[in-house]
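Presented below is the structure to which this report refers.
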Amino acid sequence: MRWDWQKMSLVQSLTENSGKIMLAGLSGVLLTLSFPGIGMAYLAWGGLVFLLFALRDAGPRKSLLLGLLAGFVHYLSLIYWLVPTMRIYGYLPLLLCLLLLILLALYLSLYPAVFSVLLSWSCRRPAAIIIMAPVFWVCLEYLRAFLFSGFPWGLLGYTQADYLNLIQSADIFGVYGVSAIIMLTNAALLLLALAITGKHWQGFRVQGWLAGAGCLAVLLILGGILLYGSFRTDAMDRRLATAETLDVAVIQGNIEQLHKWDRRFKESTIKKYFELSDQVGNPSPELVIWPETAAPFYFDYNTEMREWVLNGIADAGKHFLIGAPSVEFTHREPIQYNSAYLIGPDGRVQGRYDKVHLVPFGEYVPFNEWLPFIDTMVAQVGNFRAGKQGDTIGWNDIKIGMLICYESIFPPLSVDMVKSGADFLVNITNDAWFGRTSAPYQHFSMAVFRAIENRRSLVRAANTGISGYIDPVGRVLETSPLFETAVLSRSIPLIKDYETFYVRHKDWLAICCLIASGMIIVLQLIVKK
């Protein structure tokens, strides 16, 4: 009989754990489905309930493993596009690409893992979940945005980029505010599920009134957010009706990445961009924008190609904003920059911006002094230097805030440019690396939040797409298809001398959540001791 009892106990334990594992994995899948590319955004509002339900009677160790599993499933399926990017364009072996993807997914999984541990460890009473779940989640999203150079790709709030009324509050809270309300909703639904099923949270039963109060709080907050969104949209539309406008053209050259840096294709690439620029119709644009590294040569070094471009722009008689790498020579070694140049109709350079936030293992090798062997593993990596944060490009009485490539996923960069007087934002990028994956859609959706946070128009020029225009309310006015040659032209409103609450105070909500999380942890340690 003793053996039978032990055998039944083991089977029961395995059954319970397998159920929790399935719930955690399901949360990871639902989160990925909610992001652009698939775009089932509504799944984010309940997708994390399954992970939270699995944590209801789990200790710290089991919570860590469940959070790690949910995060691993999510990030592995969200950033899968890294494999073809590294394999095709980085020339890395397939096994190494898979290993790097797994390592990055494991690193990112640490954040939901820590979240799970903190929640099960500090929330002994069910009522605490409503407050602590969004606080811990936003705190960890904020840490992910700058630890180890930062990788705030796929924050929970970005799932809602298409719901403009809901995300207008980003001009106060940033994207973190949207993440907070989504997590708050998941926490309230967890209490409701526990109350209905009669399950306990850490040994405490969830009363029906508590679940009802949690759901009511969510409805009231959501209602307030939606009302604010409607109010802010109307207010901004009144401002936009009298705003100064600028005619801007975007050229999407659709240059194959494998040809982009091939010497045999450099001249044909430049020629194609000029031919497309000539196709811009009426009204004639005041500014023509080419994507990141549209001029595939060192602009200040290759004098022959440089003069060809400058003369071509002088013949066009318009202002051009083009992406091109630059190099400066010192007594030690050449310094490379990923740059954008503003060139006037007289064929003279009027301004330059150097990319500030470089891509690790793409534009530079981190920890190269301590890990020199990495150079041999990733031979295609550049050795670029960062520019100065907050720099803008001046043009008459207009200032342009530049965001090159994935700088658009870092909110503080655009905020500092607006503080420096930027009247509109420009994001030039080369998303050809991503191929026909979900990455270009994920990347574009983050630009919507930059427009709302700063209340500035944002113009996006991408080599292979998605190019387009976003107004200060976050409305996508026009976009180009992926992997097609395109010429877009439109008037954009300029917002001058206006700073949002978010611009003035940046990530104040996330910082408050960070401080609150620290205080909760310290208090718990004191109480438990």
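Ordering 231, 146 by accessible surface, largest first, gives 231, 146; the 1.4 Å probe counts only protein heavy atoms, with every chain in place. Excluding same-chain neighbours fewer than eight residues apart, the lysines reachable from residue 266 by a Cα-Cα span under 28 Å are 318, 355.
Across the range 248-322, the volume of the C-alpha convex hull divided among the residues equals 81 Å³ per residue.
Computed on the chain, with alpha-carbon pairs under 8 angstrom and 6+ residues apart, the relative contact order is 15 percent. Label-to-label distance for residue 57 and residue 233 is 4.6 nm, based on points extended 7 Å past Cα in the beta-carbon direction.
Its DSSP H runs of at least 4 residues, each contributing -39,500 (n - 2.57), put the calculated 222 nm mean residue ellipticity of the chain at -16000 deg cm²/dmol, to the nearest 500. Calculated FRET efficiency, residue 301 to residue 146, Cβ-Cβ distance, R0 = 45 Å: about 0.85 to the nearest 0.05.
Under the combined filter of DSSP loop state and at most 14 neighbouring Cβ atoms within 10 Å, the range 197-261 retains these trypsin sites (Lys or Arg not before Pro): 199.
Accessible area per residue for the chain is 43 Å², calculated with a 1.4 Å probe on protein heavy atoms, without ligands, DNA or RNA. When the chain is described by a simple charge dipole with +1 on each Lys and Arg Cβ and -1 on each Asp and Glu Cβ, the residue from 149, 200, 188 located farthest towards its positive end is 200.
Taking the chain as a whole, the Cys residues whose C-beta sits 4.7 Å or farther from every other Cys C-beta are 97, 123, 215, 405, 512.
Annotation: the antiparallel percentage among DSSP beta bridges lying fully within the chain is about 65. Taking the alpha carbon gyration tensor of the range 401-529, multiplying each eigenvalue by 5 and rooting it gives semi-axes of 34, 20, 10 Å, largest first. Along each principal axis, taking the top coordinate minus the bottom one, the Cα set of the range 68-177 gives 50, 35, 22 Å in descending order. Note: the range 165-234, Cα convex hull, 73 Å³ per residue.
Seen from every direction in turn and averaged, the convex hull around the alpha carbons of the range 438-477 projects onto 2.5 nm². For the residue pairs 271/419; 62/529; 20/528, the C-alpha atoms sit more than 31 angstrom apart in 271/419.
The values are calculated or read from the model by the stated rules, or taken from the named source; none is laboratory data. Because the structure is a prediction, the values reported are computed rather than measured. So basically every Cβ, Gly included, is an ideal-geometry build from the backbone, and we count neighbours across all protein chains shown. The protein model used for the area step is the full one, side chains on, heavy atoms only, and it has no ligands, DNA or RNA in it. Shrake-Rupley method; radii C 1.70, N 1.55, O 1.52, S 1.80 Å.
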